[in-house]
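Right, one structure below, let's go through it.
The values are calculated or read from the model by the stated rules, or taken from the named source; none is laboratory data. Please read all numbers here as calculations on a predicted model, not as lab measurements. Here the Cβ is made from the backbone with ideal geometry for all residues, glycine too, and neighbour counts use every protein chain on show. Note: areas computed on protein heavy atoms with side chains; ligands, DNA, RNA excluded. Shrake-Rupley method; radii C 1.70, N 1.55, O 1.52, S 1.80 Å.
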Amino acid sequence: SSPYGSFIVGLGASERISVGDVVVTEGGFVVGVVSDVQAKTSAIEGVFAAGKTIDALIGGTAVVVTGDGGGNAHTEVPRGVEVSEGQPVISLAHGGRALGIVGRIESSPTSPDQKIFIRLPVNLTSLRYVFVLHE
């Protein structure tokens, strides 16, 4: 883990890992994409790395999610869109897999949008194992 939204896994080219492979948790949440491969290790860029954007769906509404780092992100949706805490946020780029869940919603009657805070339901710093999927 690093403060820059990347981490290293102990699998590399010798295990047929490739740049672009998707990295998921045991629960199937996308945490990153392989960005560099060496013989025995690979660098993973976190999907919620600070400032990184990704297209997603929240309850059928298309959104652009912006990473905040540490397994957290945010987006905005129109106030009329129904969103609830715990609702999955689905990646459009990774086979419809979940990126995280809605953790908190901020809404004001004077604002046309709701701010949605998204989080991974697992602690990135405590993950010991991830799965690398060839796509």
Across Gly71, Gly59, Gly32, the residue with the highest GNM fluctuation in the chain (Cα network, 10 Å cutoff) is Gly59
Give me the distance in nm between label points sitting 7 Å out from Cα along the Cα-to-Cβ direction at Ser18 and Tyr129, one decimal. 2.5 nm
Would you mind calculating the gained length between Ile8 and Ala50 on full extension (0.36 nm times residue separation, minus the Cα-Cα distance), in nm to one decimal? 13.4 nm
Treat every Asp and Glu Cβ in the chain as -1 and every Lys and Arg Cβ as +1, leave all other atoms uncharged, and give the resulting dipole magnitude about the Cα centre to the nearest 20 debye. 200 debye
Just to confirm, what accessible area per residue do you get for the stretch 1-83 at 1.4 Å probe, in whole Å²? 49 Å²
Surface share of carbon and sulfur [accessible, 1.4 angstrom probe, percent] for the chain: 52 percent
Thinking of the chain as a set of Cα atoms, what percent of all their pairs are more than 27 Å apart? 20 percent
